[in-house]
Amino acid sequence: MTLAIDVEGLSKSFGTFKAVDNISLQIEQGHITGFLGPNGSGKTTSLRMLCGLLTPDTGHGQVLGLEFPREAEAIKRQTGYMTQRFSLYEDLTIEENLTFIARVYRLAHVQDSVDQTLERLGLTKRRKQLAGQLSGGWKQRLALAAAVMHDPKLLLLDEPTAGVDPQARRDFWDRIHGLADEGMTVLVSTHYMDEAERCHEIAYIFNGHLIARGTADQVIAESRLVTFEAEGPRADRLARELAARPGVEMAAPFGEALHVSGTDRAALEAAIQSYRREPYRWTEVQPTLEDVFINLMRVHAPAEVKAA
Amino acid sequence: MMGLSLSRMMAVLTKEFTQLVRDRLTYAMIIGIPIVQLLLFGYAINTDPKHLPTAVLVQDQGQFSRSILGSLQNSEYFRIVHVARSPAEMDKLIERGAVQFAITIPGDFTRRVVRRDKPQILVEADASDPAATGSAVAALSSLPIEGLKHDLKGPLASAAPGPQPFEVVIQRRYNPENITSYNIVPGLVATILTMTLVMMTSLAMTRETERGTMETLLSTPLRPIEVMVGKLTPFVVVGIIQAALIISMARILFGVPMAGGWAALILGLFLFIVGSLALGFLVSTVARNQLQAMQMSFFYFLPSILLSGFLFPFRGMPEWAQWLGTILPVTHMLRVVRGAMLKGVGLAEAAPSLGALALFVVIVAGLAVKQYRTTLD
Ligand SMILES: Nc1ncnc2c1ncn2[C@@H]1O[C@H](COP(=O)(O)OP(=O)(O)O)[C@@H](O)[C@H]1O
Ligand SMILES: [Mg+2]
């Protein structure tokens, strides 16, 4: 087992604001790691530091066997980066964009690489179309194709599937898994729980701190969260009532059902005791990743947010 | 590994050129701005302004002063708006800018014309807008003669001693030097070129930042010099097209002579174009968005127009302003282009200005490359 990324103590401030605070990341080669966390938690900043677009304030280690951040230029060359916002040229055609990328990376056979990429994307017929006219899903496929054109060893994807339809998302993930099978290491930020579950590992970042890591099962287990589900007519309406009771850390509607969670099993069971009656049926369930993340956010929230 | 790559440079160049050709607004800027500005500035500053407001002070009641007054009124250059009663009133009028000219006909005018001892007509001109007054002043000396010839028929005809039975004394106020239209139009070559080029490059670069494509550029192995050369070269072509367009128009529409300093002109233009582009690139490394790039460009345009000797005579400015003007490339380009077109100067005579332009290119391009950030920090 080799680590594609092995970085310690990564930090970045903008002025006095700490966007990323002392993060350590170890990512195995050929693995897909999901990078999760609410907006503004520092995902984009972390990815940018890893690919040399931002200079870290602190942090050192190895990326692709190269010294980080000293050899940032060399790391950059073997890394593919797909930005959060579409950042190819909207006023150039699909083909012109790919040709530009191929030439900038000095690929040996520019036209062949472009043709193959177009073929694989199924965009050969639309090669003369302006990139700006593509739909969100196609833009995302084009951006991914451009990011992997130079055969990088490390692929950094920043919310690649935001605003993309389910079918395109599924195709996208199939492609990512295909690339990982070929040995590419992937770090992908996302807000979708189903996508998090498709990753080999997840890393959860909040307010610049890395607060959970591991496989989805590990993260759920380590949260030591206990969740009960109530079913029955209008069970979801109990959320407000139950949330106020001691021992209930979280009560959230889940469709027509209700999920009630807490880390103290005894207190939680006491809290729901009086609701264990008709017409409600209670069962203990495995907490979802979403339950865990929402709870993590609550636990790690700064004091003033908790008080509010 | 850190070496420069021609093919990467060419990749940027091709990309930039494609974008340039595809953008309709660019055509408007390349062709439209020079034409509109040349016509606007060229004609606005160049045409003989007519019917300029004039005040007269007539201290003589004789027939000749009345006849001069009559022809002044009939002339297309002067429009008598005030008949003053004292020299002090005249002074005030011209000081306030109420009139462009104040014409004084002295008390013994008619008598002295008859006596043939060349009386003086005093013309005070507000020359703060020199181009506006130039031809009117010239017309003054010849204009009243006809009136006099007409009046001197008959018994008094013998009083017409020659071409001018009187003298016109001109006092130019506020700006003793006079700029002719031949100075303005070649000057436009420099100002229009630098305006469009600085703006176009600074916008082309900040557009990358604004649209997020800068992030793509920076995540590739492109080196700063490669980006700079690749991005600027298409605009050199733009600059050459503009320069040719403006000079042709200057020759055809405004009849500006070409005294033959082609070598100095071409070398000067090349340095000036490259310098303007490098300056645009430098602006874009500081500006965070297109609006800021525009504002910074204007910050440069204003002194370029006001302190370069384009509108006002360079040597008429206070020393500190001349010193500022010397930093501006437009100042040196103006000297090259005026010298080449009007005086036909060669490379040797233009060397100081050409040297200054070359120095500007080196310093600004160096700063731009140094300023260009390879990260988003
Ligand atoms: N260039 C910057 N200057 C100042 N603040 C920034 C900059 N980039 C990001 N930030 C701030 O850093 C925090 C983390 O941002 P980001 O990494 O984009 O979060 P995420 O990608 O997880 O949404 C945010 O609060 C954001 O406003
Ligand atoms: Mg982000």
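The values are calculated or read from the model by the stated rules, or taken from the named source; none is laboratory data. Nothing here was measured: the structure is a model prediction, and the numbers come from that model. Quick reminder, even Gly has a Cβ in these numbers, built from the backbone with ideal geometry, and neighbours come from all protein chains shown. Accessible surface is based on the protein model in full, side chains and every heavy atom, while ligands, DNA and RNA are left aside. Shrake-Rupley method; radii C 1.70, N 1.55, O 1.52, S 1.80 Å.
Here are the numbers:
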{"item": "Qualifying residue in the range A:95-105 (condition: more than 16 Å from ligand 1 (Cβ to nearest atom), open to solvent by 10 Å² or more (accessible area, probe 1.4 Å) and part of a strand (DSSP E or B))", "result": "no"}
{"item": "For residue A:141: the one exception among (1) among the basic types (Lys, Arg); (2) surrounded by fewer than 16 Cβ atoms within 10 Å (Cβ to Cβ); (3) more than 11 Å from every other protein chain (Cβ to nearest Cβ)", "result": "(2)"}
{"item": "Matching option when the condition is among the basic types (Lys, Arg) and within 32 Å of the chain's Cα centre (by Cα), among B:85, B:79, B:116, B:111", "result": "B:79"}
{"item": "Given (1) at positive phi; (2) open to solvent by 10 Å² or more (accessible area, probe 1.4 Å); (3) within 14 Å of ligand 2 (Cβ to nearest atom), number of the condition residue A:37 does not satisfy", "result": "(2)"}
{"item": "Selected residue [in contact with a strand residue (DSSP E or B) (Cβ under 7 Å, 6 or more places away or on another chain), part of a strand (DSSP E or B), within 14 Å of another protein chain (Cβ to nearest Cβ) and open to solvent by 30 Å² or more (accessible area, probe 1.4 Å)] from A:24, A:13", "result": "A:13"}
{"item": "Candidates A:132, A:122 - the one that is open to solvent by 10 Å² or more (accessible area, probe 1.4 Å), within 14 Å of another protein chain (Cβ to nearest Cβ) and either closer than 22 Å to residue B:11 by Cβ or free of Cβ contacts under 8 Å to residues at least 12 places away in the same chain (or both)", "result": "A:132"}
{"item": "Within the range A:149-162, considering residues that are surrounded by fewer than 21 Cβ atoms within 10 Å (Cβ to Cβ) and more than 13 Å from ligand 1 (Cβ to nearest atom), the one nearest to the other protein chains (Cβ to nearest Cβ)", "result": "A:150"}
{"item": "Contacts under 9 angstrom Cβ, first residue in the range B:215-229 being in a loop (DSSP other than H, G, I, E, B), partner of a type in the set (Val, Ile, Thr) and open to solvent by less than 20 Å² (accessible area, probe 1.4 Å), 6 or more apart", "result": "B:220/A:101; B:220/A:104; B:221/A:104; B:222/A:104; B:222/B:12"}
{"item": "In the range B:206-233, the residues that are more than 14 Å from every other protein chain (Cβ to nearest Cβ) and open to solvent by less than 10 Å² (accessible area, probe 1.4 Å)", "result": "B:206"}
{"item": "Residues of the range A:46-66 satisfying the condition of being more than 13 Å from the chain's Cα centre (by Cα) and either within 13 Å of ligand 2 (Cβ to nearest atom) or in a helix (DSSP H, G or I) (or both)", "result": "A:48, A:49, A:50, A:53, A:54"}
{"item": "Residue satisfying all of: in the range A:78-90; within 7 Å of chain B (Cβ to nearest Cβ) and surrounded by 19 or more Cβ atoms within 10 Å (Cβ to Cβ); farthest from residue A:6 (Cα to Cα) among these", "result": "A:89"}
{"item": "Scope the range A:185-219; condition free of Cβ contacts under 8 Å to residues at least 40 places away in the same chain and either within 13 Å of ligand 1 (Cβ to nearest atom) or assigned to a strand (DSSP E or B) (or both); matching residues", "result": "A:213, A:214"}
